[in-house]
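See below for the structure under consideration.
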Amino acid sequence: ELGVERRFVPESCPRAVRPGDFVRYHYLGAFPDGTRFDSSYDRGSTFNVFVGRGQLIAGMDQALVGMCVNERRFVKIPPKLAYGSEGVPGVIPPNAVLHFDVLLIDVWNSEDEVQVQTYFKPEKCPRTVQVSDFVRYHYNGTFLDGTLFDSSHNRMRTYDTYVGIGWLIPGMDQGLLGMCVGEKRIITIPPFLAYGEDGDGKEIPGQASLVFDVVLLDLHNPKDGIAIENQLVPESCERRSQTGDFVRYHYNGTLLDGTLFDSSYSRNHTYDTYVGKGYVIAGMDEGLLGVCTGEKRRIIIPPHLGYGEEGRGKIPGSAVLVFDIHVVDFHNPSDSVSITVHYKPSNCTVLSKKGDYLKYHYNASLLDGTLLDSTYSLGKTYNIVLGSGQVVLGMDMGLQDMCVGERRTVVIPPHLGYGEDGVEGEVPGSAVLVFDIELLELVSGLPEGYMFVWNGEVSPNLFEEIDQNHDGEVLLEEFSEYIQTQVDTGKGKLAPGFDFEKIVKNMFTNQDRDGNGKVTAEEFKLKDQEAKEEHDEL
């Protein structure tokens, strides 16, 4: 009788051999005394055959039925189920009992299809693989017995390919369809949908079933444009970005599987760029259009609008990019100062002008509301001479034509503020500034070009009055004492907001033509006299 001893049975046996199946197995063939007459191991290849079709001796046809992959059986076959009374000349003697030690490697049927077993699927699956999509995935490739023949993980590089257009073996083309990014599945492929009778000529033998453990990392279609998901749009959005605007934004950049490749937050510095001018990848150029200050959005960029087939740095080739951005501010190089008046007194007759001395309170912030500075917290006003360059140009413009008690908001673009460099540790480069201002005091300035004016008639003997010791020369001390007296008695007025000693020294230096520290009657001239002589004086 046929004897079958199951010497090893695997814990998992999803499929057993049935008549009509094709099997690949290794064996040792020996006589009862232990003499070996044949071995597939010696030939370095499995024995491949259909079961139950008369291609084997009858005993082996029966013994293989019910076997699992990786099962090991010891089979005793009597002569009537082997080679009978004739034997095989030179190999098997007549009426020989045969012993076979069999290890099943593979089993499949010509009616098999690709088998897909999903063992992890993300909760969110906005898109699945379709024919003509381009995918990036990792895999381990094994035979049915678990022997590894290939792995993208070992190469530390994804396998990147189109699906459904013949770039893959047919079984993989089928097995990838319907997958989500992040999904993990096992794809079992019969050989007639893989490498067939010949194998691949390298690692994969002929007639081998293949098992691929796949995780999908990326998915796009060459026809894809960018995708925008609005996460937060401010209730108030007075202006949206346009081509040519300069935008400052924070971002986290990830791949579709969530792998972080870059972040402006980690550098503690916004990314600053023009929009629509080609300074950034095409997908970001498009994705930054139409944003509001303070808006948060997700921009999904296919590789043909990102870094293409080559990738860049930590970004692999053909990768879909996901940017979660937060727009901090934007402006246009053609922007001027924007002024919004919130309150103006009814008796607003005296308006600020160049040269006036102003005292005001302010809160300074960025467009996103980040507070930079406040005079209120310091408990004292900010004091300047308007138009003298004591503040940024935008503030000089924003304080014009203001009356005492007025409150206004002044928005200053960076080219009228602190420019590309900003102020280290205080104002970021290329930042739009917002000042909420309240004017508290205004002292009218002097006409442009004057540092001192008379409130009445000028003495015809002015030089003699300044030259107190009548030696024909005026020293700085004499000049300073005389000007101070005129101001104290109300006969003259100095430009407000400047240091007295600096103004007087400046006036004296202008009169001291030869620079010897003394002013003579010949050197001494009033402003109107200098104008006639076409001589400029600060």
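The values are calculated or read from the model by the stated rules, or taken from the named source; none is laboratory data. Since the model is a prediction, treat every value here as computed from it, not as a measurement. Neighbour counts run over all protein chains shown; Cβ positions are idealised from the backbone, glycine included. What goes into the accessible areas is simple: the full protein's heavy atoms, side chains included, and nothing from ligands, DNA or RNA. Shrake-Rupley method; radii C 1.70, N 1.55, O 1.52, S 1.80 Å.
Here is how the numbers come out for the structure above:
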quantity	calculated
Global form of region 1-72, assessed from the alpha-carbon gyration tensor, a/c cut-off 1.5	rounded
Kirkwood Rh, angstrom, region 390-521 [1 / mean 1/r, Cα pairs]	18.2 Å
Label point distance in nm, GLU86-ASN154, each placed 7 Å from Cα along Cα→Cβ	4.6 nm
Nearest-10 value in Å² for the accessible area of HIS470, using the 1.4 Å probe	140 Å²
Förster radius 22 Å - calculated FRET efficiency between TYR376 and SER334, Cβ distance, rounded to 0.05	0.10
Partner lysines for LYS223 [C-alpha distance under 29 Å; skip if fewer than 8 residues away on the same chain]	LYS121, LYS124, LYS184, LYS277, LYS296, LYS314
Structure-based [θ]222 nm, the chain - -39500 (n - 2.57) summed over DSSP H runs of at least 4, per residue, nearest 500	-3500 deg cm²/dmol
In nm, spacing of pseudo-spin labels at GLU477 and GLU464 (7 Å Cα→C-beta vector)	2.5 nm
The chain, dipole about Cα centre (Lys/Arg Cβ +1, Asp/Glu Cβ -1), debye to the nearest 20	3580 debye
With 20 Å bins from 0: P(r) over the chain, alpha-carbon pairs, percent	16, 25, 20, 15, 12, 8, 4, 1
Cβ charges +1 (Lys, Arg) and -1 (Asp, Glu), total dipole of region 115-220, debye	440 debye
Per residue accessible area of the chain, 1.4 Å probe, in Å²	52 Å²
Pairwise FRET efficiency - SER132 versus CYS13, Cβ, R0 = 30 Å, nearest 0.05	0.20
Residues TYR450 and GLN390, FRET efficiency given R0 of 22 Å [Cβ-Cβ distance, rounded to 0.05]	0.80
Of all accessible heavy-atom area on region 115-220, the percent that carbon and sulfur account for (1.4 Å)	49 percent
Cβ-placed point charges (K, R +1; D, E -1), dipole of region 207-300 about Cα centre in debye, nearest 20	240 debye
Cα gyration tensor category, rounded, prolate or oblate, for region 313-423 with a/c compared to 1.5	prolate
Rounded if a/c under 1.5, otherwise prolate or oblate - region 452-531, Cα gyration tensor axes	rounded
Restricting region 1-95 to GluC sites (Glu not before Pro) in coil, as DSSP defines it, with at most 12 other Cβ within 10 Å	GLU1, GLU11, GLU86
Violating pairs (Cα-Cα greater than 26 angstrom) within the set LYS359/LYS518; LYS359/LYS493; LYS359/LYS502	LYS359/LYS518
Carbon + sulfur, % of accessible area of region 3-108 - ligands and nucleic acids excluded, 1.4 Å	52 percent
0 to 90° range, to nearest 10: angle between helix 476-488 axis and the chain longest Cα axis	90 degrees
Virtual paramagnetic centre 7 Å along Cα→Cβ of GLN242, amide N under 18 Å, in region 335-364	335-339
Calculated from backbone phi, Karplus (6.51, -1.76, 1.60) coupling profile of region 109-121 in Hz, x at Gly/Pro	10, 5, 8, 5, 10, 5, 10, 10, 10, 8, 10, 8, 9
